[in-house]
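Note sheet for the following structure.
Please treat every number below as a calculation from the coordinates, not as lab data. This is a predicted model, so every value here is computed, not measured. Glycine gets a Cβ as well: all are built from the backbone with ideal geometry, and neighbour counts include every protein chain shown.
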Amino acid sequence: MSQIPADLRYTKSHEWLRTLPDGSVEIGITDHAQQSLGDLVFVEVPEAGRRLATGDACAVVESVKAASDVYSPVAGEVTAGNPQLTSQPDLINRDPYGEGWILRLKPSGSGGAAETLDAAAYEAAIAAGG
């Protein structure tokens, strides 16, 4: 069974987001997503300063099985990509909700957020085959 922390928001495309104390947002892929992909061998993170619209592909995660895009659940400007993932892509496998974060961004006031789910709704979506 996948871990689904109650304090995060989720997307149907298996990203999680956490609002940080300064109002910025941290984004990664869920435990369910990393389990589905298997052992990650490469992660491409976005560079600081990149502007994203809601739903933009913003990162790529590759495993021995497949490559998958990561989509931004909110519009904004990237403030950081996780530099540790360049040399340690398996951080996502080991700690998807902690050290395995992929990017941080400052949300823009003009861009809407994707529909996000709470933990219970995300768990139900997975159970339904989502």
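Miscellaneous remarks
- The GluC sites (Glu not before Pro) of the stretch 18-71 meeting both criteria, a DSSP state outside H, G, I, E and B (loop) and at most 11 other C-beta atoms within 10 angstrom of the site's C-beta, are E47.
- When only Cα pairs below 8 angstrom with a gap of at least 6 residues are kept, the stretch 53-130 shows a relative contact order of 30 percent.
- The stretch 1-72: translational diffusion in µm²/s, Stokes-Einstein, Kirkwood Rh over Cα pairs, 25 °C, 0.890 mPa s: 187
- Options G49, Q3, S68, ranked by Cα towards positive dipole end of the chain, top entry (Cβ charges): G49
- The chain - charge dipole about Cα centre, Lys and Arg +1 at Cβ, Asp and Glu -1, debye rounded to 20: 200
- Long-range amide H partners of L117 with built H, under 5 Å: Y10, T11
- The stretch 1-115, relative contact order [Cα under 8 Å, separation at least 6], %: 29
- Across the stretch 7-18, coupling constants 3J(HN,Hα) worked out from phi with the 6.51/-1.76/1.60 Karplus curve, θ = phi - 60°, read 8, 10, 10, 9, 10, 5, 8, 6, 9, 10, 9, 10 Hz, and Gly and Pro carry x.
- The chain - mean residue ellipticity at 222 nm from DSSP helices (-39,500 (n - 2.57) per run, n ≥ 4, rounded to 500): -4000 deg cm²/dmol
- Counting charges near Y97 (Lys, Arg +1; Asp, Glu -1) among other residues having Cβ under 10 Å from its Cβ returns a value of -4.
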